[in-house]
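Notes to accompany the following structure.
The values are calculated or read from the model by the stated rules, or taken from the named source; none is laboratory data. All values derive from a computational prediction rather than experimental measurement. Here the Cβ positions follow ideal geometry from the backbone for every residue, glycine too, while neighbour counts run over all protein chains shown. The protein model used for the area step is the full one, side chains on, heavy atoms only, and it has no ligands, DNA or RNA in it. Shrake-Rupley method; radii C 1.70, N 1.55, O 1.52, S 1.80 Å.
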Amino acid sequence: MNEIQKLKRKFRQSKEWKSFRGLMKKKAGNIDAITLKPLRKGFQVHHQNLDETKYNELIPEHFICVNNLTHKFIHWLYVYYVKDPAIIDRIKSEMIKMAEINLHNQ
């Protein structure tokens, strides 16, 4: 673990972070910003600024509350999206096809 990650981990234990996390959960209405499903225990407060040196800049507009799987998906997709934004269109097309196929199977 590098020094920045150690500082980030320590910051997450602070009263300041815990208070901010509670504020963000309340602001989100206890809802995952992507799936619109209730936040689960252990939800993530996703920092949209990926510069780890800015992690402790608690600007509410730079964070969203999401469940763990949503958080992992956001980070996974972002790696591809920055290189090829059209990936969103291809994923949407695939989701439409899957929905059509599976709706007919019900």
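A few points about this structure:
- Loop-located chymotrypsin sites (Phe, Trp or Tyr not before Pro) in the stretch 5-106 (DSSP state not H, G, I, E or B) with no more than 12 neighbouring Cβ atoms inside 10 Å do not occur.
- Mean separation of Cα contacts under 8 Å (6+ apart) over length of the chain, as relative contact order %: 23 percent
- Helix 87-104 axis, angle to the chain major axis (alpha carbon atoms, nearest 10°): 50 degrees
- Exceeding the 29 Å Cα-Cα cut-off - candidates K27/K97; K26/K83; K41/K97; K10/K92; K10/K83; K72/K92: K27/K97; K26/K83; K41/K97; K10/K92; K10/K83
- The angle between the Cα long axis of helix 68-81 and the main principal axis of the chain comes to about 70°, on a 0 to 90 degree scale.
- Ligands, DNA and RNA left out, the accessible area of the chain computed with a 1.4 Å probe is 58% carbon and sulfur.
- Heavy-atom surface of the stretch 48-106, accessible at 1.4 Å and reported per residue (Å²): 78 Å²
- For the chain, the longest principal axis of the C-alpha atoms and the axis of helix 15-27 are separated by about 30°.
- Label corresponding to Cα Rg over 2.2 N^0.38 Å when calculated from the structure given, among (1) 1.06; (2) 1.15; (3) 1.30: (3)
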